[in-house]
Amino acid sequence: MDLIIRHARLKGREGTWDVGITGDRIVALAEQLAEAATTEVDAGGNAVMPTYVNGHIHLDKCYLQEKMRPNKDYTFGECLELTWEHKARYTVEDILERAGRAIEEGILNGTTVFRAFADVDSVGKLRGLEGLLALRERWRSVVYCFELAKRYDKDIHMLVDDTDNPLSRSLEYLAVKTMREGYQGRVSASHCGALAAYNEIHAHKVMDLLKQANVSISSNPHISLVVQGRYDQEPIRRGITRVKQLWQHGVNVFSSQDDVADPFYPFGRNDQQEVVSYICHTAHMAAPSEVEAAFDFVTYNAARALRLQNYGLEPGCKADLNVLAAATPREVLRLQRPPRLVVRDGKLLARNQVQREFMGR
Ligand SMILES: [Zn+2]
């Protein structure tokens, strides 16, 4: 074997396990693998998960915060205006530089799959797309990139009902259209904040349709917390969709970073662990089984939405995995430490070492 990760805690298995890797595949799982490998890593009882999947990120806009005039009120209209000012001046080189930095940061935080969104409109024309195509070439060996259009028999991912307005009803249309077109399992919808504003009867009808149509829903809590609820008086809503209810309803829910320091969102580290933490806080998912489910939102569920093949930790799966810096999902969130090690294609791709020292005594 090329690589063995020893003493790893794995979801759904008691005790610690050794994960054996040959080439780019996981080939063995055992409580103790007898043979030796060229490279061995001791996970030390920490959790090991497949690498994180970010199903929604605007790589063309990352880090625009560094060069734009500051936001005043974060209304959606203002965010759009600021974006237009920059989109009109986009160059491929500029996008490559900013998006490349975002990808590097994402990898350090354990993400190896990004579904990138590029604005295509009369302001930026096709430059956002050209920038991301160039980006895909540059990073092809390290990350998989994006899907774009049904025209080329690709899957569809739409931003839907990104508002608190209960009169916004695109999601149910999308679900029905998905079934009519026979596109079940190939459609994702992001945000869907309006669903949270519907009355219970209508919300249940829409959630039934989503399940029937096998539409995946991406909730991206960072951006929703900042941009939504802007017209509310107290109590102010959180702007996210019905994450917990959708999950309990059996709809495939996943979660994404969405924005990194752009006109819509001023912060962001391209960190899917942080995304899970925000989901747990905003969707009231704090019980152990709920925290575990929230990690599925950035791993297995996101992989299902993106229809990734051979994703997971069973023998035969691709050897793309994170050795985390804590034993349980709850501890990963509590400590907020980046993955100790990121493995892709069976090779060590990134490492984080957190050094802390108390100097008071
Ligand atoms: Zn978005």
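Name the single residue that is nearest to the ligand (Cβ to nearest atom) among those in the range 156-175 being assigned to a helix (DSSP H, G or I) and open to solvent by 50 Å² or more (accessible area, probe 1.4 Å).
At the first step, the residues of the range 156-175 found to be assigned to a helix (DSSP H, G or I) are 170-175.
Then drop every residue that is not open to solvent by 50 Å² or more (accessible area, probe 1.4 Å), which leaves 170, 173.
Numbers: SER170: 15, TYR173: 19 Å.
Only one residue fits best here, namely SER170.
Return the only residue of GLU290, GLU357 being touching a Cys at 6+ places or on another chain (Cβ under 9 Å), open to solvent by 20 Å² or more (accessible area, probe 1.4 Å) and among the acidic types (Asp, Glu).
Just one listed residue meets the conditions, GLU290.
What single numbered condition from (1) touching a Phe, Trp or Tyr at 6+ places or on another chain (Cβ under 8 Å); (2) under 30 Å from ASP259 (Cα atoms); (3) more than 16 Å from the ligand (Cβ to nearest atom); (4) not hydroxyl-bearing (Ser, Thr, Tyr) fails to hold for ALA47?
Here ALA47 meets the rest and fails (1).
Tell me the residue from VAL19, VAL48, VAL53, VAL41 that is on the phi < 0 side of the Ramachandran plot and in contact with a helix residue (DSSP H, G or I) (Cβ under 8 Å, 6 or more places away or on another chain), please.
Details: VAL19 fails: in contact with a helix residue (DSSP H, G or I) (Cβ under 8 Å, 6 or more places away or on another chain); VAL48 fails: in contact with a helix residue (DSSP H, G or I) (Cβ under 8 Å, 6 or more places away or on another chain); VAL41 fails: in contact with a helix residue (DSSP H, G or I) (Cβ under 8 Å, 6 or more places away or on another chain).
Answer to the selection: VAL53.
Can you report the number of residues in the range 298-313 which are without any contact (Cβ under 8 Å) to a residue 60 or more places away in the chain and within 13 Å of PHE254 (Cα to Cα)?
Counting residues in the range 298-313 that are without any contact (Cβ under 8 Å) to a residue 60 or more places away in the chain and within 13 Å of PHE254 (Cα to Cα) gives 0.
Go through the range 21-77 and count every residue that is in a loop (DSSP other than H, G, I, E, B) and either among the polar types (S, T, N, Q) or more than 20 Å from ARG351 (Cβ to Cβ) (or both). Let's see the steps before the verdict.
Filtering the range 21-77 for residues in a loop (DSSP other than H, G, I, E, B) gives 23-24, 31-38, 43-46, 51, 58-63, 67-75.
Filter once more, keeping what is either among the polar types (S, T, N, Q) or more than 20 Å from ARG351 (Cβ to Cβ) (or both): 23, 31-36, 38, 46, 51, 58-63, 67-75.
Looking only at that region, the number is 25.
Restricting attention to the range 326-347, report how many residues are open to solvent by less than 80 Å² (accessible area, probe 1.4 Å) and under 23 Å from ARG25 (Cα atoms).
Within the range 326-347, residues that are open to solvent by less than 80 Å² (accessible area, probe 1.4 Å) and under 23 Å from ARG25 (Cα atoms) number 7.
Being more than 24 Å from the chain's Cα centre (by Cα), surrounded by fewer than 17 Cβ atoms within 10 Å (Cβ to Cβ) and in a helix (DSSP H, G or I) is the filter here; which residues of the range 78-88 pass it?
GLU78, GLU81, TRP84, GLU85 - these are the residues of the range 78-88 that are more than 24 Å from the chain's Cα centre (by Cα), surrounded by fewer than 17 Cβ atoms within 10 Å (Cβ to Cβ) and in a helix (DSSP H, G or I).
Report whether or not LEU135 is open to solvent by 50 Å² or more (accessible area, probe 1.4 Å) and in contact with a strand residue (DSSP E or B) (Cβ under 8 Å, 6 or more places away or on another chain).
Values: open to solvent by 50 Å² or more (accessible area, probe 1.4 Å): no; in contact with a strand residue (DSSP E or B) (Cβ under 8 Å, 6 or more places away or on another chain): yes.
No; evaluated as a whole, the condition is false for this residue.
Answer yes or no: is there a residue in the range 124-133 that is in contact with an Asp or Glu (Cβ under 6 Å, 6 or more places away or on another chain), at positive phi and not aromatic (Phe, Trp, Tyr).
no
Pick out the one residue from ASP94, ASP121, ASP18, ASP60 that is at pLDDT below 95, among the charged types (D, E, K, R), away from the ligand (no atom under 16 Å from the Cβ) and open to solvent by less than 60 Å² (accessible area, probe 1.4 Å). Break it down into steps so the answer makes sense when it comes.
Details: ASP121 fails: away from the ligand (no atom under 16 Å from the Cβ); ASP18 fails: at pLDDT below 95; ASP60 fails: away from the ligand (no atom under 16 Å from the Cβ).
Unique residue meeting the criteria: ASP94.
More than 16 Å from the ligand (Cβ to nearest atom), open to solvent by 30 Å² or more (accessible area, probe 1.4 Å) and outside any loop (DSSP other than H, G, I, E, B), is that true of SER277?
On the way: more than 16 Å from the ligand (Cβ to nearest atom): yes; open to solvent by 30 Å² or more (accessible area, probe 1.4 Å): no; outside any loop (DSSP other than H, G, I, E, B): yes.
So SER277 does not fit the description; no.
When you go through GLY106, GLY45 one by one, which is the residue that is surrounded by fewer than 18 Cβ atoms within 10 Å (Cβ to Cβ) and under 26 Å from PRO338 (Cα atoms)?
Working: GLY106 fails: surrounded by fewer than 18 Cβ atoms within 10 Å (Cβ to Cβ).
Of the residues listed, the single one that is surrounded by fewer than 18 Cβ atoms within 10 Å (Cβ to Cβ) and under 26 Å from PRO338 (Cα atoms) is GLY45.
Quick one: in the range 293-325, which of the residues that are in a loop (DSSP other than H, G, I, E, B) and open to solvent by 30 Å² or more (accessible area, probe 1.4 Å) is farthest from MET49 (Cα to Cα)? Write out each step before concluding.
First pass over the range 293-325, keeping only residues in a loop (DSSP other than H, G, I, E, B): 299, 306-317, 319-320, 324-325.
Filter again for open to solvent by 30 Å² or more (accessible area, probe 1.4 Å), leaving 307-311, 314-316.
Values: ARG307: 18, LEU308: 15, GLN309: 16, ASN310: 14, TYR311: 11, GLU314: 11, PRO315: 14, GLY316: 15 Å.
The extreme case among them is ARG307.
Looking for something part of a helix (DSSP H, G or I) and farther than 30 Å from MET158 by Cα - is there at least one such residue anywhere in the range 333-348? Don't jump to the end; show me each part of the working.
Of the range 333-348, the ones part of a helix (DSSP H, G or I) are 333-335.
Those still in the list that are farther than 30 Å from MET158 by Cα too: 334-335.
Scanning the range 333-348 turns up at least one residue that is part of a helix (DSSP H, G or I) and farther than 30 Å from MET158 by Cα.
Of all residues in the range 33-42, how many are open to solvent by 70 Å² or more (accessible area, probe 1.4 Å) and touching a residue at least 24 places away in the same chain (Cβ under 8 Å)?
Start the filter on the range 33-42 by keeping residues that are open to solvent by 70 Å² or more (accessible area, probe 1.4 Å), which leaves 34-36, 38, 40, 42.
From what is left, the residues that are touching a residue at least 24 places away in the same chain (Cβ under 8 Å) are 35-36, 38, 40, 42.
Number of matching residues: 5.
Filter the range 99-118 for residues that are within 16 Å of the ligand (Cβ to nearest atom) and part of a helix (DSSP H, G or I) and give the result.
Hits for the range 99-118 are ALA99, ALA102, GLY106.
The values are calculated or read from the model by the stated rules, or taken from the named source; none is laboratory data. Owing to the predicted nature of the structure, the values given are computational and were not obtained by experimental measurement. Cβ: placed from backbone, ideal geometry, glycine included. Neighbour counts: every protein chain shown. Protein only, heavy atoms only, side chains kept; ligands, DNA and RNA dropped before computing areas. Shrake-Rupley method; radii C 1.70, N 1.55, O 1.52, S 1.80 Å.
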